[in-house]
Structure formats: C-alpha cells, structure tokens
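Reviewing the structure listed below.
The values are calculated or read from the model by the stated rules, or taken from the named source; none is laboratory data. These figures come from a predicted structure and were not determined experimentally. Cβ atoms come from the backbone with ideal geometry, glycine included; neighbour counts cover every protein chain shown. Remember, those area values only see protein heavy atoms, side chains included, never the ligands or the DNA or RNA. Shrake-Rupley method; radii C 1.70, N 1.55, O 1.52, S 1.80 Å.
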Amino acid sequence: MRCDDVRKLVEEGAPLDEAARGHLAACAECGEEVAALRALTSSVPVAPAELRGRVLAAFPSPRAPAWQGFVRAAAVLIIGIGAGFFAGYAIKPPRMIEVPGEPVVLNPQLSDDYVSNVGIAAERVYGGKRKDSPPLVEVKFVPNSVRIQSIIVDPILHTYEKYCPVARQLGSLAEKRPDVVVYKKKEY
C-alpha cells in the first residue's frame, strides 16, 4: 500500500485494514500525519496524563463556599463581644467613690412632666371611658395648660398595685407628691 492510499482512507474516515496498518507502522512520516489528523478530528481531545497532572497541580485546592467564611466571622464577632462584656462588667465590680463633705439630698419633688405622664396614663386606663363602672381616677388640669392640678384616685386601686404598673406609679406618686395625688372615695 502506498502513502496516497492511506491518506485517502483516513480522509474518508474508512476503517483501516491490515495493509494500511502495516504501512503506518513501517512509514514514520505517514504515522505522524495520521496521528495529527486523528487528534484534530477526534470529538474529545485527550491530554496526556503527565500534562493533566501538571495543570491540576498549578491550581490551588478547591475553596470552601463563601457563606462558611461569613459564619466563621460572625462566630468570632459574637465570641469577641461576649468576652468583652464579660471582661468589662462581670470581672470588674463597680467602684464606689466617696466624696468628703455633707451628703447630698435630692429634692423629692418630681417634675411636672412625670406627674402629667402618670396622670394621663392613669386616666386612660382607669378614667371615664370604662364600661359599666364609674371612673376610678379623675384628673384635673390647670386651665389652659398640660400641668395637672390634682389626681383623685379611688382607694380600691391600692389592691391593683400588685398587678398594674400604672396603679403602682400612682401609689408611688401619691407618696412623693401628696399635694397632687389624693386617694378618696367619690360619691356618685
């Protein structure tokens, strides 16, 4: 078989018979040409094993997903905040500083804003909008003002103080500002 016959068989894609294989083994030039043509026409080129190993070794190993990095950073942040809190508050007790001289007595009078807030809250909870019962709290304002002149409270609210924060504030306000808060039963 001649070189042209082998080229024709390879170009047509026909299977190589015994004579064509013998010619390729004997003729180095045809063997190289057929190997190059097969490499160009094969559907999936195959790299030599040595080249594949070198290419894969050049790249770093696969990384963990990005969200795992965020989870680790959040864990470190939480641990850092917890350690800071523990170091700042739990280990060090608060220091008491003594100042020489007369002790300072704070004025027991509460601000008008606080009195107004407690009065308004009490009126909303226990005031005239209660269904089927008389109001337990009556608030009187100074004319043309938001200042409270007096808060008249039904004595039954003493029993509510254990359950209701508004009733507790009224009781505390009655102790500190007896000029404003008065407990007395109203006649209806």
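Under a model in which nothing but the beta-carbon of Lys, Arg (+1) and Asp, Glu (-1) is charged, the chain shows a dipole of about 1380 debye around its Cα centre. Extension gain for Arg168-Trp67 works out to 31.3 nm (0.36 nm per residue, less the C-alpha to C-alpha distance). Loop exposure criterion: GluC sites (Glu not before Pro), DSSP state outside H, G, I, E and B, at most 12 other Cβ atoms within 10 Å. Applied to the chain, the longest stretch between such sites is 1-97.
Within the stretch 151-188, the trypsin sites (Lys or Arg not before Pro) that combine a DSSP coil assignment with at most 10 other C-beta atoms in a 10 angstrom radius are Lys162, Lys184, Lys185.
Of Val166, Val34, Val115, which is the most mobile in a GNM of the chain whose springs link Cα atoms less than 10 angstrom apart? Highest fluctuation of the listed residues: Val34. For the chain, which cysteines have no disulfide-compatible partner, meaning no other cysteine Cβ under 4.7 Å? Within the chain, the cysteines lacking a partner Cβ under 4.7 Å are Cys3, Cys164. In the full protein context, the chain carries 81 Å² of accessible surface per residue, based on a 1.4 Å probe and ignoring ligands, DNA and RNA.
Quick one: length gained pulling Asp4 to Glu50 fully straight, 0.36 nm per residue minus the C-alpha distance?
Between Asp4 and Glu50, full extension yields 13.1 nm more.
Taking amide H as placed 1.01 Å from N in the peptide plane, the amide H of Arg147 sits under 5 Å from that of Val142, each at least 5 places away or on another chain. Solvent-accessible area of the chain (1.4 angstrom probe, protein heavy atoms only): carbon and sulfur portion equals 61 percent. Distance between the modelled labels on Glu33 and Phe86, one decimal in nanometres: 8.1 nm (7 Å Cα→Cβ projection). Calculated from the structure at hand, Kirkwood radius over Cα pairs in Å is found among (i) 16.3; (ii) 27.3; (iii) 17.3 as (ii).
Lys-Lys pairs in the chain that are eight or more residues apart or on separate chains and whose Cα atoms lie under 19 Å of each other come to 11.
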